[in-house]
Amino acid sequence: MARKVRMGMVGGGHGSFIGDVHRMASRIDGQVELVCGAFSSNPERSMLSGSDLHLPKSRCYSDFNQMLTSECELPASERMDFVAIVTPNHLHFPVAKAALESGFHVLSDKPATFNLDEALQLKSIVDASDRLYGLTHTYTGYPMVKQAKALVASGRLGKVTKIVAEYHQGWLAANEDDSGKQASWRVDPSQAGVSCCMGDIGVHAANLMEYVSGLEITELCADLGSVVAGRLLDDDGTVITRFNNGARGTLMASQIAVGEENNLTLRVYGEEASLSWQQQEPNSLWVKSNRNPSQLYRTGVGELSTYATNAARIPAGHPEGYLEAFANIYTDFAKQIIAFEDGETNIEATIPGVDEAIRGMAFIENTVAAHQSETKWHAFTVDKSPLRK
């Protein structure tokens, strides 16, 4: 690229895990530069966070509205190109709306909005703004996830018949865990929305099921629970799904699975073969069948899809992981911005966008609605909220 793409950040100040992750990932390929930010809803904390990141005082803002107004007044060669949103869920939509309407591209943490109604509004705003919108479903950035998608699309597995996704963590297994900065807003309905576990990690698993298979969930039934006494939102659950080709699926997500770290696993079964991938060993992808020897694909080894090859940076045997997958999201978004500036009209959307944002919020709300109902199967609706009939 001819220049670095300039990023402004909303959220991600002192004590933010995900803010540091976004910043590290954005730097890996040297294509993105953090130039400004409103890092906290507390003005003093925001300014201190910006100072610690060695930003000029004039580019550290007390709130996101001030940031947008001030950045708009700067010359085009200096102002930020896009806004990275790394706040709790309830602020995703107002920040994205304001940024898009101010003429800036947006890259948002997931879930995209507080509820499905906002996600549907967001699509209208994106369409009207003529700006780019991306969503950081990080796991789509792994080379072997891209290889899995390519294998399914090539017909290697035959018709997909079954998909199983599991996402197990143990960090919220006790009541006292709720008091930490990373947990407190996730278990608070006023900030997280209608779900904790499904909204935080289940939506990643659902996105991965659809991304790799190329299918869409059409029906589901769900059993969610708050295992830790006193919690207002789910911390564990199972969702049974049906897909638009007739395939069946199971999604299990938990944040109270003691001893689990960040155990995301995907298995896709077809009529001819199956594949399996695990986030805790991300450089490996197994393909198995009943008639041939099992095959192990490894990042950087042998003939892989173009997308998998382009997503890797270093020789085989040098592990690449979460930050590199996150970096692929940032680098691809930066390339889209440069292509947009160059007047390209058919920009390849290599990262999740507003349509995935809607499906993510629809998954969360359809799952909660299904759990609350005594009816077994529920249609997966995306045009209106099943919780606001």
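What are the residues in segment 201-223 that are polar (S, T, N, Q) and under 10 Å from R242 (Cα atoms), if any? Even if it seems obvious, please write down each step before you answer.
Of the residues in segment 201-223, the ones polar (S, T, N, Q) are 207, 213, 218.
Within segment 201-223, T218 is the sole residue that qualifies.
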- Return yes when G11 is under 22 Å from P94 (Cα atoms), in contact (Cβ under 8 Å) with a residue 24 or more places away in the chain, among the small types (G, A, S) and touching a helix residue (DSSP H, G or I) at 6+ places or on another chain (Cβ under 8 Å) and no when it is not. yes
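Rundown of residues vs (1) in a helix (DSSP H, G or I); (2) closer than 18 Å to T136 by Cα; (3) at pLDDT 95 or above, yes/no style:
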site: P282; (1), (2), (3): no, yes, yes
site: P315; (1), (2), (3): no, no, no
site: P319; (1), (2), (3): no, no, no
site: A325; (1), (2), (3): yes, yes, yes
site: Y330; (1), (2), (3): yes, yes, yes
- Query: How about segment 1-24: which of its residues are crowded, with 24+ Cβ neighbours inside 10 Å and farther than 20 Å from P43 by Cβ?
  - Reply: M7, H22
- Determine if segment 289-310 includes at least one residue that is out of contact with any helix residue (DSSP H, G or I) (no Cβ under 9 Å at 6 or more places or on another chain) and not in a loop (DSSP other than H, G, I, E, B). yes
- Message: Against the definition (in a loop (DSSP other than H, G, I, E, B) and either in contact (Cβ under 8 Å) with a residue 40 or more places away in the chain or more than 21 Å from Q191 (Cβ to Cβ) (or both)), how does E78 come out, yes or no?
- Response: yes
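Just to be sure before I move on: is R79 closer than 18 Å to G37 by Cβ, touching a helix residue (DSSP H, G or I) at 6+ places or on another chain (Cβ under 6 Å) and among the charged types (D, E, K, R) in the structure I sent?
Working: closer than 18 Å to G37 by Cβ: yes; touching a helix residue (DSSP H, G or I) at 6+ places or on another chain (Cβ under 6 Å): yes; among the charged types (D, E, K, R): yes.
When the stated conditions are applied, R79 passes them.
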- Query: Going through segment 190-211 one residue at a time, which ones are surrounded by 24 or more Cβ atoms within 10 Å (Cβ to Cβ) and of a type in the set (S, T, Y)?
  - Reply: S195
- Message: Residues that are more than 18 Å from the chain's Cα centre (by Cα), at positive phi, in the same structural domain as C72 (by TED's automatic domain parsing) and small (G, A, S): does segment 3-13 have at least one?
- Response: no
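Report, by residue number, each residue of segment 111-162 that is more than 29 Å from K288 (Cβ to Cβ) and either at pLDDT below 95 or aliphatic (A, V, I, L, M) (or both). Can you show your working first?
Residues of segment 111-162 more than 29 Å from K288 (Cβ to Cβ): 111-136.
Hits for segment 111-162 are A112, L116, A119, L120, L122, I125, V126, A128, D130, L132, L135.
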- Message: For the list (1) of a type in the set (A, V, I, L, M, F, W, C); (2) without any contact (Cβ under 8 Å) to a residue 40 or more places away in the chain; (3) assigned to a helix (DSSP H, G or I), I need the number of the one condition that L34 fails.
- Response: (3)
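Here's the yes/no breakdown for (1) modelled with pLDDT of 95 or more; (2) in the same structural domain as S129 (by TED's automatic domain parsing); (3) within 23 Å of the chain's Cα centre (by Cα); (4) buried (at least 17 other Cβ atoms within 10 Å of the Cβ):
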| residue | (1), (2), (3), (4) |
| --- | --- |
| Q295 | yes, no, no, no |
| V301 | yes, no, no, no |
| A308 | yes, no, yes, yes |
| E341 | no, yes, no, no |
| E344 | no, yes, no, no |
- Message: When you check D130 against the structure, is it in contact (Cβ under 8 Å) with a residue 12 or more places away in the chain and charged (D, E, K, R), yes or no?
- Response: no
- Task: Considering (1) surrounded by fewer than 16 Cβ atoms within 10 Å (Cβ to Cβ); (2) of a type in the set (A, V, I, L, M); (3) assigned by TED's automatic domain parsing to the domain that holds G158, say which one A379 fails and leave the rest.
- Result: (3)
- Message: When you scan segment 120-130, do you find a residue that is within 25 Å of R242 (Cβ to Cβ), of a type in the set (S, T, N, Q), assigned to a helix (DSSP H, G or I) and more than 16 Å from the chain's Cα centre (by Cα), even just one?
- Response: no
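Any chance segment 171-183 includes a residue that's assigned by TED's automatic domain parsing to the domain that holds L266, of a type in the set (S, T, N, Q), in contact (Cβ under 8 Å) with a residue 12 or more places away in the chain and surrounded by fewer than 18 Cβ atoms within 10 Å (Cβ to Cβ)?
Here is the first cut: in segment 171-183, the residues assigned by TED's automatic domain parsing to the domain that holds L266 are 171-183.
Subsequent filtering for residues that are of a type in the set (S, T, N, Q) retains 175, 179, 182.
Among the residues that remain, those that are also in contact (Cβ under 8 Å) with a residue 12 or more places away in the chain are: 175, 182.
Keeping just the survivors that are surrounded by fewer than 18 Cβ atoms within 10 Å (Cβ to Cβ) gives 175, 182.
The answer is yes, given that some residue of segment 171-183 is assigned by TED's automatic domain parsing to the domain that holds L266, of a type in the set (S, T, N, Q), in contact (Cβ under 8 Å) with a residue 12 or more places away in the chain and surrounded by fewer than 18 Cβ atoms within 10 Å (Cβ to Cβ).
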- Which residue pairs have Cβ atoms closer than 9 Å, lie 6 or more positions apart in sequence or on different chains, and pair a first residue in segment 135-155 that is part of a strand (DSSP E or B) with a second residue that is small (G, A, S)? L135/S108; L135/A112; L135/G353; L135/A357; L135/G360
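Specify which of the listed residues (A316, A311) is closer than 19 Å to A150 by Cα and hydrophobic (A, V, I, L, M, F, W, C). Break it down into steps so the answer makes sense when it comes.
Numbers: A316 fails: closer than 19 Å to A150 by Cα.
Residue meeting the stated conditions: A311.
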- Take the residues of segment 266-293 that are over 25 Å from P319 (Cβ atoms) and touching a residue at least 24 places away in the same chain (Cβ under 8 Å): which is surrounded by the fewest Cβ atoms within 10 Å (Cβ to Cβ)? E271
- Query: Within segment 163-190, can you find the residues that are modelled with pLDDT of 95 or more and either among the basic types (K, R) or within 13 Å of K110 (Cα to Cα) (or both)?
  - Reply: R186
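The values are calculated or read from the model by the stated rules, or taken from the named source; none is laboratory data. It should be emphasised that the depicted structure is a prediction, and the values quoted were computed from it without experimental measurement. Here the Cβ is made from the backbone with ideal geometry for all residues, glycine too, and neighbour counts use every protein chain on show.
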